[in-house]
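Working notes, structure below.
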Amino acid sequence: MALSDKEVQGLQGVLKSSIKKVNGSVIEVEGENKFYKIVLTTDSTTQAIAVVPVDNEKGENPNYKETTIVVAGTQVPGDNLEEFGNQPFFWKKNRDIVNSSERAFFASGAFGLFPGMLTPQADDIDIFYQITEEKIKPHNGTISNMSGFSQGGPGVAYTASKYGLKQNRTIKVTNFMDFAAKKAVDTGGISKEQVDYLNKNATIYRDSQRQVVNIDGNGGAVPYGKTMMFEIEDGENGHSPRAPKLKGNALDVDWYYKRNRFASGMTEKQVRKIAEYKAKNFKPKLALSNYGLEDNFDRPEHYIKEYLDNYGPFAPEPTKQDLISLNIKQIKELKASLKSSSGSKKISLREELVRVSAETTKLQAEVYEEEIKSKIESAKENVSQKISSLKSEAYSIARHLPSSEVEVLLSELSLDTAWNSGKETKTITAASDYKNRMSQISDNLNKVADRIIESDQIGAKIFSN
């Protein structure tokens, strides 16, 4: 077992606030009701924590089989301001920040002027891995997950693939916006064998604007792992492990689709709909008009090409059964979240639960009707084939009789006489009626969901007056 990308993202979000805690402390990822026990921390030039999942804030039932190492990115000036009252530690952190920035500078080859290298941070991560492994050995533990952000990304990729290959096992890598990744591969810091390993076991989340990483000498290119790109808008901070909206082990495609934003993993139908929206809402800018480029931006094809070039190929269209399975899983998750939610969050979850239930009801009815029709067609085809087979056998047996006599004998053996067309029509009509009734129920559930939000808005207005 391993933690999901969403769970690892939660740990990235609490890394900075957890590195000063003592080993054995329990930390919580807020909003997810997830608890972890700290195995090891380091707060020097490299910042990292190693944790294991536990059941609650008391740290009960630690699962050392899911030991996870999470590494922060480059430290930047100002990160140590809260330590100003502790002068010795403040100046130590000041030195750490300088060292961390220097490492990013060298890894990028002075931002592309020189060949660059695998970040020296990889050595720290390697040592941290070894110490963590020793600490969990008495518990028969296993490092199942590793995650790095920005400069920490290539260092994590190197360490996870090194020990994954050495120990002949999978270490799941979840990285965010890897900085100077191509430099690490091009200069041999990460070998071809390691790249092959990472292509099978690593997922890299990247923002569409490639903020910060676009100065790493290669425009933020990452030549290993499965890239998952998500669209951000101007003014948003894309260079953060908190930036992507995740669901399980992938981007929350529905979240991006509802907001007309691109994300890796979308179907052609979803991409085309967003492309049409972007083309329709395109507003020409003077700089584009001067070069005659605005003609491209008001055409859906421009955005479809942009998607294929940057976000990857279209995902296959999910079947109705796939959607039902996903919805049932989501309904369970929403019900669980409702138990620990309150206020506007609870209202939002209730609305989502009703809408997902409505969609599931409609899909299940459609699948039921299709299955009934399919089974009828299959049974009808079997009867038709059986009749053809019996006729062939009859002609073979009665070869000494005139064909006209055989025809008379077999005249009653036909699909019209053997198959009850009236019952077929009645069954199909009943299935269709059932689907229509369920569709109506689905529509009513959506109206209920509308009223949930309406009631909340009315209540908010009353209390604001």
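Give the residue, chosen from Leu308, Leu323, that is under 25 Å from Phe230 (Cβ atoms), aliphatic (A, V, I, L, M), assigned to a helix (DSSP H, G or I) and without any contact (Cβ under 8 Å) to a residue 12 or more places away in the chain.
The conditions single out Leu308.
Out of all the residues in the stretch 300-323, which are within 18 Å of the chain's Cα centre (by Cα) and within 24 Å of Ala449 (Cβ to Cβ)?
Listed by number, the residues that qualify are Pro318, Asp322, Leu323.
Here are the criteria: (1) in contact (Cβ under 8 Å) with a residue 60 or more places away in the chain; (2) more than 16 Å from Asn61 (Cα to Cα); (3) not charged (D, E, K, R). Tell me which single one Val39 does not satisfy.
Tallying (1) in contact (Cβ under 8 Å) with a residue 60 or more places away in the chain; (2) more than 16 Å from Asn61 (Cα to Cα); (3) not charged (D, E, K, R), Val39 fails exactly one: (2).
What residue, of Gln209, Gln194, is assigned to a helix (DSSP H, G or I), farther than 20 Å from Ala72 by Cβ and not β-branched (Val, Ile, Thr)?
Testing whether each residue is assigned to a helix (DSSP H, G or I), farther than 20 Å from Ala72 by Cβ and not β-branched (Val, Ile, Thr) leaves just Gln194.
Determine which single condition Val222 fails, assuming it passes every other condition in (1) in contact with an Asp or Glu (Cβ under 8 Å, 6 or more places away or on another chain); (2) assigned to a helix (DSSP H, G or I).
Failing condition for Val222: (2).
Among residues belonging to the stretch 249-261 that are part of a loop (DSSP other than H, G, I, E, B) and touching a helix residue (DSSP H, G or I) at 6+ places or on another chain (Cβ under 6 Å), point out the one that is nearest to Asn281 (Cα to Cα).
The selected residue is Asn260.
Please work out which residue is modelled with the lowest pLDDT, limiting yourself to the stretch 32-57 and to residues that are outside any loop (DSSP other than H, G, I, E, B) and open to solvent by 50 Å² or more (accessible area, probe 1.4 Å).
Lys34
Glu294 fails exactly one of the following numbered conditions: (1) surrounded by 14 or more Cβ atoms within 10 Å (Cβ to Cβ); (2) farther than 30 Å from Tyr434 by Cα; (3) acidic (Asp, Glu); (4) modelled with pLDDT of 85 or more. What is the number of that condition?
Single failed check for Glu294: (4).
Would you please list the contacts, defined by Cβ atoms under 6 Å and residues six or more apart or on different chains, that run from a residue in the stretch 42-54 that is without any contact (Cβ under 8 Å) to a residue 40 or more places away in the chain and at negative phi to a residue that is in a strand (DSSP E or B) and open to solvent by 10 Å² or more (accessible area, probe 1.4 Å)?
Sorted first by the residue in the stretch 42-54, then by its partner, the pairs are Ile49/Thr41; Val54/Phe35; Val54/Lys37.
Could you list, in sequence order, the residues of the stretch 307-320 that are farther than 30 Å from Gly219 by Cβ and open to solvent by 90 Å² or more (accessible area, probe 1.4 Å)?
Scanning the stretch 307-320 gives a single hit, Glu317.
Quick one: in the stretch 385-424, of everything that is open to solvent by 80 Å² or more (accessible area, probe 1.4 Å) and within 30 Å of Lys373 (Cβ to Cβ), which residue is modelled with the lowest pLDDT?
Glu412
Residue by residue through the stretch 104-127, note down the ones that are crowded, with 23+ Cβ neighbours inside 10 Å and in a helix (DSSP H, G or I).
Selection gives Ala104, Ala107, Gln121, Ala122, Ile125.
Would you mind stating whether Glu351 is surrounded by 13 or more Cβ atoms within 10 Å (Cβ to Cβ), modelled with pLDDT of 90 or more and either in contact with a His (Cβ under 8 Å, 6 or more places away or on another chain) or assigned to a helix (DSSP H, G or I) (or both)?
no
State the number of residues belonging to the stretch 134-148 that are open to solvent by 10 Å² or more (accessible area, probe 1.4 Å) and out of contact with any helix residue (DSSP H, G or I) (no Cβ under 6 Å at 6 or more places or on another chain).
Residues in the stretch 134-148 being open to solvent by 10 Å² or more (accessible area, probe 1.4 Å) and out of contact with any helix residue (DSSP H, G or I) (no Cβ under 6 Å at 6 or more places or on another chain): 5 in total.
Restricting to the stretch 164-182, give me the number of residues that are within 20 Å of Val8 (Cα to Cα) and surrounded by fewer than 17 Cβ atoms within 10 Å (Cβ to Cβ).
Residues flagged as within 20 Å of Val8 (Cα to Cα) and surrounded by fewer than 17 Cβ atoms within 10 Å (Cβ to Cβ) within the stretch 164-182 amount to 2.
Tell me yes or no: at least one residue of the stretch 200-208 is open to solvent by 50 Å² or more (accessible area, probe 1.4 Å) and closer than 30 Å to Gly141 by Cβ.
Among the residues of the stretch 200-208, at least one is open to solvent by 50 Å² or more (accessible area, probe 1.4 Å) and closer than 30 Å to Gly141 by Cβ, which makes the answer yes.
Conditions (1) surrounded by 16 or more Cβ atoms within 10 Å (Cβ to Cβ); (2) modelled with pLDDT under 75, marked per residue:
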site	(1), (2)
Gln12	yes, no
Ile19	yes, no
Glu30	no, no
Gly59	yes, no
Tyr64	yes, no
Val70	yes, no
Gly85	no, yes
Val98	no, yes
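The values are calculated or read from the model by the stated rules, or taken from the named source; none is laboratory data. Small disclaimer: the values here were computed from a predicted structure and weren't measured. As a convention, Cβ positions derive from the backbone with ideal geometry for all residues, glycine included, and neighbour counts pool all protein chains shown. We work out accessible area using only protein heavy atoms, side chains counted, and drop any ligands, DNA or RNA first. Shrake-Rupley method; radii C 1.70, N 1.55, O 1.52, S 1.80 Å.
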